[in-house]
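Quick notes on the structure that follows.
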Amino acid sequence: MVGAAVFGVPVGKSLSSGGGLDPAADSSQASALLSRKFDQGDMGMLVTVSSDSGARGPAASRAATDIVERLKQSPHIRQLRSFWTAAPAAAPSMLSADGSTGLITAAIAGDRNDAPVTANELADSIAGEEHPGVTVRVGGEAIVNLQVNEQTQRDLLLMESLALPLSFVVLLWVFGSLTAAALPVGVGIFAIVGSMASLRLISLFTDVSVFALNLSVAMGMALAVDYTLLIVSRFRDELAKEPTRDAALVRTMATAGRTVVFSAMTVALCMSTMALFPQYFLRSLAYAGVAVVTFAAVAAIVVTPAAIVLLGDRLDSAAARRRIRRILWGVAARPQEEPGTAAVEQRFWYRWTKYVMRHAVPIGVGVTALLLLLGTPFLDVRWGFADDRILPVSASARQVGDQLRKDFPGNGIPPISVVLPDATGLNAADIDGYAADLSRVPDVAAVSAPGGTYAGGARVGPTSAPSAITDDSAFVTVSTTAPLYSAASQTQLDRLFDVAVPGGKPVQLTGVAQSNRDSVHAITTRLPLALALIAVITLVLVFLLTGSAVLPFKTVVMSTLSLTAAFGALVWVFQEGHLGGLGTAATGTLGVQLPVLLFCIAFGLSMDYEVFLLSRIREYWLASDRGADANGESVALGVAHTGQVITAAALIMMISFAALMAAQVSFMRLFGFGLTMAVFVDATLVRMVLVPAFMHVLGRINWWAPGPLARLHHRLGTS
């Protein structure tokens, strides 16, 4: 652990904040061609210069001239334009509506990892200079990526400062002593630093998203508590049955220890499906998920039993638990309140499960209908792309973006680049004629070509935006009024593709609108395969665990139902802006990667609790007489022995994920809210209500399997 910490803690410096684009898409290929052949920067930087005396005033003009000269001196700046140096026809679009602010735009050469570093150096130089009477703000995509990276690392510290103390209070309550409560913290630290070291190692060979670090920290502590609590809880149960502590520990690891390994395998395989997607943002979270689950499981089955032996009687000290409860609540716990001392039939979860099974049909139908109703807002989801509004309003990139949308309507919608990768045999007149045809497409404001700017099919002035033609390639720039992520934008992209190209040459589009569409396409085309793999993984592993041909399908249905409320809530809160968007800017869209990420992680975590529950129910089923009441009694006993574990583990996991909502990067706030909702619904309505109701209705059918599958399970399944 020490070695992993030394290597892994500096991982933040090796991570990137991008990764949402498909590198194989035509839009990405077109962007690469523009950078390679036309020296077009792939990422932009925006500078606003504001003055109460107006952008044309002497103070703003002096500041802007100084900034432009500084930018010209950088070898990384491309396509530098400003209100003060633009042609008369283009200058009005770079002046705010009230005339107080002028705009400077520049593209930055280099890849998407180097450009933010270059932009930061330039921004420090620009913003650090005093300009009396003038306000200078720096933004644009390059600055957004940089500030997201920096803010994420600050959010990580805030998240842990909130989650760890709250989690430790719950751990004290559950484990009953300070030393025992420190055990899952140690396991969690092992998992976190192990995953950090893994991410840094992977970053030596490929890009890794900075958000993978947040996921590692949140999941590391949550899974450590899950697995440690399961083992310790089972150990305390076995102490009442076995003659020695060693025998109880051996029995614990043969049952709960095996469950931990099985559960970790299930969660890791579910999360690994994110590696199927081409965006390195999702692949990074697959790396982080598999690493943190693996290290959490290894620590749980190695560190936990060793610590149990070393702690001895201090692990299950009832006196310590009573003292802690007296401190926390001001009252002493009665002896019969201690776990394991009351008859199982008197425990809350046993009596609760019996009640649910007596009213299985109405309760099951009602809860299912409620979850489906809560999920209905997701039917109106609209996919978008993260922009500067992911940052808090205090960030300069967010301030520039807000000002651009409010005061610069013409610059608020990113342009579209139309690229002809093979322009052999074409001349400037051909490209200009093509640009004139493009300008006739509805919602196109203008098209800039090498020979001039075109609108409505006619030349209206000199070239006002980047465009060029070489012997073998060409590109023009389309200014559009179609709002991003709207139906009008999608229709416009289709119509731009439909415009006849001179000589029948192939054409590629790039820009935010086309990149977003390509990203949605990349995800939606691979999503069926990912979902199918998750379903197959679940079916196979639950069959190996239970030997049933029915319970695997029940598990898939239950785990999917547990996500409906979370998906609906995300749309209702963050897309539509209800509840104030929980402090985020509602853009009317959701990031297209989010549902994939949330489904893979939350589905895997729901399987975590399913494995805990089913493995214990199956133990009682195998020990029963298989009579008419055996199934119901096995379910009640299984829930009675795991209900407290699942509830406590879910509570701490919710604390870990809810702490993400303190993040200033809105994506992490949204992600934390979604996972918190998913865990809450899964641990309460699904595992403690729907699963008992469903298993009661099916009765002995739960454990049925055809002969060939039964024989297969006898050879390969768990015993």
For this session: Would you mind calculating the gained length between A182 and A32 on full extension (0.36 nm times residue separation, minus the Cα-Cα distance), in nm to one decimal?
Result: 48.9 nm
Problem set entry | Inter-site label distance for E619 and T424 at 7 Å from Cα along Cβ, in nm | 7.2
Problem set entry | Cβ-derived FRET efficiency at R0 51 Å, H359 paired with E121, nearest 0.05 | 0.15
For this session: Run the numbers on the range 432-475 and let me know its relative contact order in percent, using alpha-carbon pairs under 8 Å that are six or more apart.
Result: 30
For this session: Go through K37/K406; K13/K505; K406/K505; K72/K406 and tell me which ones have a Cα-Cα distance over 32 Å in this structure.
Result: K37/K406; K13/K505; K406/K505
Exercise. Looking at the chain, do any whole DSSP H helices span at least 30 angstrom along their long axis by alpha carbon and average -1.0 or above on Kyte-Doolittle, and which?
Worked result: 141-175, 178-203, 211-239, 280-311, 512-546, 593-623, 630-658
Exercise. Under the definition of Cα pairs under 8 Å and six or more residues apart, what whole-number percent is the relative contact order of the range 167-323?
Worked result: 39
Problem set entry | the range 584-634 versus the range 530-578: alpha-carbon centroid distance in Å | 7
Exercise. All other residues with a Cβ under 15 Å from the Cβ of Y434 taken together, and with Lys, Arg as +1 and Asp, Glu as -1, what is their net charge?
Worked result: -1
Problem set entry | Modelled FRET efficiency - R0 45 Å, A24 with V460, Cβ distances, 0.05 increments | 0.75
Exercise. Counting Lys and Arg as +1 and Asp and Glu as -1, each charge on the Cβ, what is the dipole of the chain about the Cα centre in debye, to the nearest 20?
Worked result: 2300
Seminar exercise, completed: Residues whose built amide H sits under 5 Å from the amide H of G591, excluding neighbours closer than 5 in sequence, are G384
Exercise. Got the relative contact order for the chain handy, in percent, Cα pairs under 8 Å and 6 or more residues apart?
Worked result: 18
Exercise. Around I104, what is the net charge, scoring Lys/Arg as +1 and Asp/Glu as -1 over all other residues with Cβ under 12 Å from its Cβ?
Worked result: +2
For this session: Could you order peptides 583-595, 497-509, 624-636, 186-198 by the average number of other Cβ atoms within 10 Å of their residues, highest first?
Result: 186-198, 583-595, 624-636, 497-509
Problem set entry | At most 12 other Cβ within 10 Å, DSSP loop - trypsin sites (Lys or Arg not before Pro), the range 148-242 | K241
Exercise. Okay, helix-only estimate at 222 nm for the chain: each DSSP H run of n ≥ 4 adds -39500 (n - 2.57), divide by all residues, round to 500 deg cm²/dmol; what do you get?
Worked result: -19500 deg cm²/dmol
Exercise. With all protein chains present, how much of the accessible area of the range 2-103 (probe radius 1.4 Å) comes from carbon and sulfur, to the nearest whole percent?
Worked result: 55
Problem set entry | C-alpha center-to-center spacing [the range 145-212, the range 501-522] in angstrom | 40
For this session: Quick one: work out the % antiparallel among DSSP beta bridges in the chain, nearest 5.
Result: 95
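The values are calculated or read from the model by the stated rules, or taken from the named source; none is laboratory data. Because the structure is predicted, anything quoted here is derived from the model rather than measured. With ideal geometry, Cβ positions are generated from the backbone for all residues, glycine too; neighbour counts draw on all protein chains shown. These accessible areas exclude ligands, DNA and RNA; they are computed on the full protein's heavy atoms, side chains included. Shrake-Rupley method; radii C 1.70, N 1.55, O 1.52, S 1.80 Å.
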